[in-house]
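Before any comments, here is the structure.
The values are calculated or read from the model by the stated rules, or taken from the named source; none is laboratory data. Source: prediction; values computed, not measured. Cβ placement follows ideal geometry from the backbone for every residue including glycine, while neighbour counts extend to all protein chains displayed.
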Amino acid sequence: MSTYSKELEVAELAVQRAAILTKKVFHEKAKGTVSKDDASPVTIGDFGAQALIIAAIKKNFPEDEVVGEEEASTLRENTKLRDEIWALVKGTKLSDDAAEKVIGGPIESVDDMLTAIDAGNSAGGSKGRIWALDPIDGTKGFLRGGQYAVCLALMVDGDVKVGVLGCPNLPVDDSATLTAESGKDQTDTEGNGVLFSAVLGQGATSRPLTDGAVANSKPIAMKPVKDIKEAIFCESVEAGHSSHGDQAAIASKLGITKPSVRMDSQAKYGSVARGAGDIYLRLPTSKTYQEKIWDHAAGDLIVREAGGQVTDTLGRRLDFGKGRTLAENKGVIAAPAAIHDYVLDVVKEVLSSK
Ligand SMILES: Nc1ncnc2c1ncn2[C@@H]1O[C@H](COP(=O)(O)O)[C@@H](OP(=O)(O)O)[C@H]1O
Ligand SMILES: [Mg+2]
Ligand SMILES: [Mg+2]
Ligand SMILES: [Mg+2]
């Protein structure tokens, strides 16, 4: 068996199972949204997916720690919400029994569910085996019927070794170039649902996000950019998450003529990794915000394994060993390795001229 093959298998199946739950939640009218302290939304899908994924990790790798975005304190007070989530979690399994067994089968009780959610409380750091989990990345996109991603990565001593992104609303087809529609409402679009994976040193792949154990993985690679003016760049939908103004100035300096493709979540990393887009820019909107490791760990590895380079706006590699946040980084630039330095130079130029 190659290195991390068990971890990859567990991560892929756990993400597949969680995506069954998030899709179910999306199709139910009441998505059970509550506001967190930072006013960002969290849904019953976020909690349920976190529970299912952490349970799968803990069954297979009981000693591993998890840095997960959500925590269960709200649910311990709000028993109505808790019970809604439990009903969903209890009823979600992979249809392939052997695959379901690999990830440990069902969670046994409400208490076990809450324990699983709270097991995402690792402080992170640069020692040992730590998973970074974003059960629904792009919650706002998820609520709009747009892009979102179920994101899971394994770090060992602060270095990302395995990354998996489940993107229920991206096309399976790797050659489907991004358009302005890609980030918009994708509800019930046929042919959507893709799973991106990477293991350090072993390349990146994609395959359908189906509910089964066996599916063909295909290698993915970034597209060589022959003429940067033709490049497709993507950015967040939310102007509060990255500076649309700075990004437009950078694109214009690069000579990029096409409008940006705005989409939520790490679907941006997956899209550039498979050459459906070319560049992902995430310029800070504030001096104080620290990016969360679960928003980047899987995507960073998938892009690098597909032939890309990912750095912050100062050209530093993203450092996942600093705790729950990317405390030592500012912003993100993901681009094919061959043009990354050039893009970075332009980013620096634009930022220094402000
Ligand atoms: N001021 C800010 N700057 C950058 N990212 C932010 C932010 N406030 C929230 N976020 C993060 O942006 C993520 C979504 O990214 P994007 O805009 O690319 O879809 C959110 O993930 P969740 O949706 O998992 O909470 C959240 O963690
Ligand atoms: Mg969130
Ligand atoms: Mg997120
Ligand atoms: Mg999230």
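Brief remarks follow.
- When the stretch 169-183 is filtered for residues that are more than 10 Å from Ser271 (Cβ to Cβ) and either in contact (Cβ under 8 Å) with a residue 40 or more places away in the chain or not assigned by TED's automatic domain parsing to the domain that holds Leu209 (or both), the ones remaining, listed by number, are Asn169, Ser175, Thr179, Ala180.
- Residue within the stretch 62-69 that is away from ligand 4 (no atom under 16 Å from the Cβ) and surrounded by 15 or more Cβ atoms within 10 Å (Cβ to Cβ) present: yes
- For the stretch 235-277, the set of residues classified as in contact (Cβ under 8 Å) with a residue 60 or more places away in the chain, farther than 16 Å from Gln147 by Cβ and not hydrophobic (A, V, I, L, M, F, W, C) consists of Asp246, Lys253, Pro259, Gly275, listed by residue number.
- Among the residues listed as Ser182, Ser175, the single one being among the hydroxyl-bearing types (Ser, Thr, Tyr) and either within 16 Å of ligand 3 (Cβ to nearest atom) or not in a loop (DSSP other than H, G, I, E, B) (or both): Ser182
- Scan of the stretch 97-126 for residues that are at positive phi and surrounded by fewer than 17 Cβ atoms within 10 Å (Cβ to Cβ), ordered by number: Gly105
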